[in-house]
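The values are calculated or read from the model by the stated rules, or taken from the named source; none is laboratory data. The model shown is predicted, which means the values in this text are computed figures rather than measured ones. Positions of Cβ are generated from backbone atoms using ideal geometry, with glycine treated the same way; all protein chains shown enter the neighbour counts. We work out accessible area using only protein heavy atoms, side chains counted, and drop any ligands, DNA or RNA first. Shrake-Rupley method; radii C 1.70, N 1.55, O 1.52, S 1.80 Å.
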Amino acid sequence: MPGLIDLHVHMIWDGSLDPVRTSEEEGYEQMMLRAAANCRHYIEHGITTVRDLGSINDIVLHISKGIKRNLILGPNVIASGRTLTMTGGHDPFWARFVDGKYEALKGVREQIYKGAEVIKVSATGGVYGRTEGEKVGNAELSLEELKVICEEAHRFGIKVASHAIGRDGIYNSVLAGVDTIEHGHFIDEELLQLMEERGTAWIPTLFVYKQIASQEGIPEYARAKTVEIVNIHAKAFRSFFKRDILIGAGSDAGSPCTSHHALLNELYAMNELVEDVRSVLKTATVNAGKILERKIGQIKNGYQADLVLLEGNPLEDLKNLEKVKEVILRGELIRLGD
């Protein structure tokens, strides 16, 4: 089958109860080593492409360049580096703060200059950022700022991914022209119709929020915000899965209690809500390739040879995704276990 594609990861994070604290304790060099080590982990689990949407000091931009230069073995990495966020906004630890349209313009140009192949913006607050003063429903970057970012990124052929949980931030993101809504808990019928009209894709990341809401040891401020929105998230996914938008699989790997092969858990979480295994599997293959507009995610002439050989058919049982025998990456057989 085609190699799996995870559209939302954080390679520098460790998937612990509090990866932010781990990053603060480790420092730059250790985070770089962790990201490099995770490259092998993805490949061993049949994940041949990842899109990294946020790293401290642009670490994953360096990882991506190292892979392209054959300095390290890794999956295809499409990285944003720092995220564009309002001052004091969501995930400040890896943010490039921008306030107003001129700073937004400069911010997106800076990331492209550094080598970003996708731009990540924070359009709303989140459940896991600042302990106080951050709410999932609050819109952060303004519509004007988002429009400037999208227009400039698209001028250079770069896509924009928007962290957007609350309704106002989703609405602003779609109007501004972002390419993907990340999370999107409060997508409703009106927003969905707008996404259909604009061709906006959705990366729901269901599994990570279930983890944050249920696992012992998660900081209480994060757990309390997540419990409120998990059921809303599931209802939106179940209602809109078959609509005329591309839905892609993203795990938020590295986030609290979310491993770097959690793409499999994301597919299982989708399948719990939607029984169509073939359509669920397409979110991490065909759909993901279309969302990225890259020739990956399918086995056909002209497409990159990223392939996984499994012991069993995942269309019969998704758990067969765990039985990886061989991986071919960019046309070369990777010796697993060496």
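Shape of region 170-325 from the C-alpha gyration tensor: oblate (a/c of 1.5 or more and a/b not above b/c, with a ≥ b ≥ c the square roots of its eigenvalues).
Distance between the pseudo-spin-label points of residue 290 and residue 44 (7 Å out from Cα toward the beta carbon): 3.4 nm. A probe of 1.4 angstrom, applied to the heavy atoms of all protein chains, finds residue 221 with accessible area near 60 square angstrom.
Suppose the Debye formula is applied to equal point scatterers at every Cα of region 183-236; what is log10 I(q)/I(0) at q = 0.28 Å⁻¹? Evaluating at q = 0.28 Å⁻¹ gives log10 I(q)/I(0) of -1.06. For the chain, the relative contact order comes to 19 percent (Cα pairs under 8 Å, sequence separation of at least 6). Modelled label positions at residue 244 and residue 155, each set 7 Å beyond Cα in the direction of Cβ, lie 3.2 nm from each other. If you take the Cα centroid of region 3-43 and the Cα centroid of region 276-338, the two points sit 22 Å apart.
Assigning unit charges at the beta carbon (Lys, Arg +1; Asp, Glu -1) and nothing else, what dipole magnitude in debye, to the nearest 20, does region 67-178 show about its Cα centre?
My answer is approximately 480 debye.
DSSP bridge analysis restricted to the chain gives an antiparallel fraction near 25%, rounded to the nearest 5. Residues whose amide H comes within less than 5 Å of that of residue 72, counting only those at least five positions distant or on another chain, are 67 (H built at 1.01 Å from N in the peptide plane).
If the Kirkwood radius is taken over C-alpha pairs of the chain, then at 10 °C and 1.306 mPa s the Stokes-Einstein diffusion coefficient equals 81 µm²/s.
Please grab the % of Cα pairs in region 1-145 that end up more than 20 Å from each other. Of all Cα-Cα distances in region 1-145, 49 percent exceed 20 Å. In the assembled protein chains, residue 223 presents an accessible area of approximately 40 Å² (probe radius 1.4 Å). Working note: Karplus 6.51/-1.76/1.60 with θ = phi - 60° gives region 25-36 the couplings 7, 7, x, 4, 5, 5, 5, 4, 5, 4, 4, 5 Hz, where Gly and Pro are set to x.
Determine how large the accessible area of residue 186 is when every protein chain is in place; take a 1.4 Å probe and give Å² rounded to the nearest 10. Residue 186 exposes around 70 Å² with every protein chain in place. Per-residue 3J(HN,Hα) values for region 115-120, derived from phi via the Karplus relation 6.51 cos²θ - 1.76 cosθ + 1.60 with θ = phi - 60°, read x, 4, 9, 8, 9, 10 Hz in sequence order (x marks Gly and Pro).
Viscosity 1.002 mPa s, temperature 20 °C: Stokes-Einstein D of region 74-147 from its Kirkwood Cα radius, in µm² per second? D = 169 µm²/s. Positive-end ranking of 191, 161, 116 along the dipole of region 116-215, with charges on Cβ about the Cα centre, is headed by 116. With the convex hull drawn around the C-alpha atoms of region 123-257, the volume per residue stands at 103 Å³.
Using just its DSSP H runs of length 4 or more, each adding -39500 (n - 2.57), the chain gives a mean residue ellipticity at 222 nm of -12500 deg cm²/dmol after division by all residues. Sequentially through region 270-287, phi angles give Karplus couplings (6.51, -1.76, 1.60; θ = phi - 60°) of 4, 5, 5, 9, 9, 7, 6, 4, 4, 5, 5, 5, 5, 5, 9, 9, 4, 4 Hz, Gly and Pro residues having no value and appearing as x.
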